[in-house]
Amino acid sequence: MRRRVLVPLAIGPALPPRTSVLHELGGATMGTSWSARVMAPPDARPSMADALQRQLDLVVAQMSHWERDSNLSRFNSAPAGNWHRLPDAFFTVLSYALEVAEDSGGAYDPCAGALVNAWGFGARQRYNEANFYAPLPAAVQAIVARADRQRLQLDRASRRALQAGGVQIDLSSVAKGYAVDLLARCLEAQGLFHYLVEIGGELRGAGTKADGQPWWVALEGVPGAGDGAGPTTVALHGLAVATSGDYRRYFEHGGRRASHTLDPRSGAPIRNDVASVTVLHAECMAADALSTALSVLGPEEGLALAERRKLAARFLLRHEGGLREVVSSAYQELLQ
């Protein structure tokens with residue numbers, strides 16, 4: 001099977017300083033792992049590790065729905081009628097997520113936390129626990145009819161949000177990408193411009209390794225189903241990549257796969273033959289949120305949005321027992 005390669009249209013010629021060595025760092029965060037490969041001076045490791053961990057801790061403290069004392073959890077549990085001043089990172093991510101929600105016609109929704117919880121993909125009463133039962137259709141429709149995103153009020157001037165009562169914000173499909181961007185910006189603030197950073201399979205790279213080669217990574221495929229078009233490798237040189245897939249968390253319901261990717265418009269797991277969507281973008285936050293939005297929209301509406309936004313997107317669709325690939329024009333331009 002032929003291996004394919006994606007290369008960014010613009011390549012910077014600068015190499016790491018000659019005194020640089022490769023540092024490899026990593027650990028656990030947000031229920032998954034993180035890693036960083038950085039070309040930096042030999043003595044830079046301790047300061048880099050501390051600085052990167054502070055960025056990760058900031059995202060958890062502000063946006064985790066697992067931590068009961070995070071800013072997000074406190075907002076979600078607050079009584080109706082309370083205005084909350086949001087920390088800068090939380091406000092930035094929520095604002096961007098609401099823009100994607102608007103652009104996707106509600107196929108993406110950061111205020112769909114009540115649906116996420118009902119289907120067992122939240123922090124408690126999860127789908128893989130013994131006492132979990134899939135929600136009844138009437139309960140799902142009641143949540144959809146409540147229109148939480150429309151009830152949420154955002155005061156951009158004061159960076160505040162109004163808890164209208166029962167609104168459950170869930171940023172799990174965008175906060176991880178934002179955290180990847182924070183790691184990248186943290187390194188660049190220290191004058192380090194040659195790196196590959198990753199959280200849970202979402203990556204962002206810049207510059208090159210010592211030999212002048214870019215950071216080559218394989219695009220995520222669908223486990224057990226092959227790629228559908230041959231393995232694909234991308235040079236993460238000023239690019240980030242994120243993949244949304246129906247295989248990551250799911251359970252069987254009514255004889256069908258109930259994916260953790262929910263359609264906020266219907267309140268149900270997606271059933272549009274999308275196995276995965278990969279998006280390449282300059283910002284990992286955007287790649288993260290948009291890959292989810294395109295997954296929900298499906299191959300026709302999703303591809304239309306990708307073309308409109310000039311997104312480099314790859315859809316892998318379940319087809320006749322295998323996979324079929326559909327890509328956007330911007331993605332096609334990167335193929336070598």
### Charge tally in the Cβ shell below 9 Å around residue 315, where Lys, Arg are +1 and Asp, Glu are -1, residue 315 excluded
+1
## Note on the structure
Note on the chain: the mean projected area of its alpha-carbon convex hull, in nm², is 18.0
### Summary
Applying the span-like rule to the chain (DSSP H, Cα extent along axis at least 20 Å, Kyte-Doolittle mean at least -0.5) gives 45-63, 88-103, 175-189, 284-309
### Task
Arrange the peptides 34-44, 231-241 so that the one whose residues have, on average, the most other Cβ atoms within 10 Å appears first.
231-241, 34-44
### Query
Carbon and sulfur together cover what percent of the accessible area of the chain at a 1.4 Å probe radius?
51
### Task
Mind jotting down the three principal axis lengths of segment 94-178 based on Cα atoms? Whole angstrom, largest first.
45, 28, 23
### Summary
Given unit charges at Cβ for Lys, Arg (+) and Asp, Glu (-), the dipole magnitude of segment 1-46 about its Cα centre in debye, nearest 20, is 340
### Task
Give me the accessible area per residue for the chain, probe 1.4 Å, as a whole number in Å².
45
### Message
Could you derive backbone 3J(HN,Hα) for segment 158-169 from the dihedral phi with the Karplus parameters 6.51, -1.76 and 1.60 (θ = phi - 60°), listing whole Hz in sequence and x where the residue is Gly or Pro?
### Response
9, 6, 10, 10, 9, 7, 7, x, x, 5, 10, 7
### Query
Considering only the chain, what is the antiparallel percent among its DSSP beta bridges, to the nearest 5?
95
### the chain, relative contact order in percent, only Cα pairs under 8 angstrom and at least six apart counted
20
### Query
Assigning unit charges at the beta carbon (Lys, Arg +1; Asp, Glu -1) and nothing else, what dipole magnitude in debye, to the nearest 20, does the chain show about its Cα centre?
200
### Message
How large is the convex hull of the C-alpha atoms of segment 1-118 per residue, in Å³?
### Response
233
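The values are calculated or read from the model by the stated rules, or taken from the named source; none is laboratory data. Since this is a predicted model, take the numbers as computed values, not measurements. Note: ideal-geometry Cβ built from the backbone for every residue, glycine included; neighbour counts use all protein chains shown. Side chains included, ligands, DNA and RNA excluded: accessible areas come from the protein's heavy atoms. Shrake-Rupley method; radii C 1.70, N 1.55, O 1.52, S 1.80 Å.
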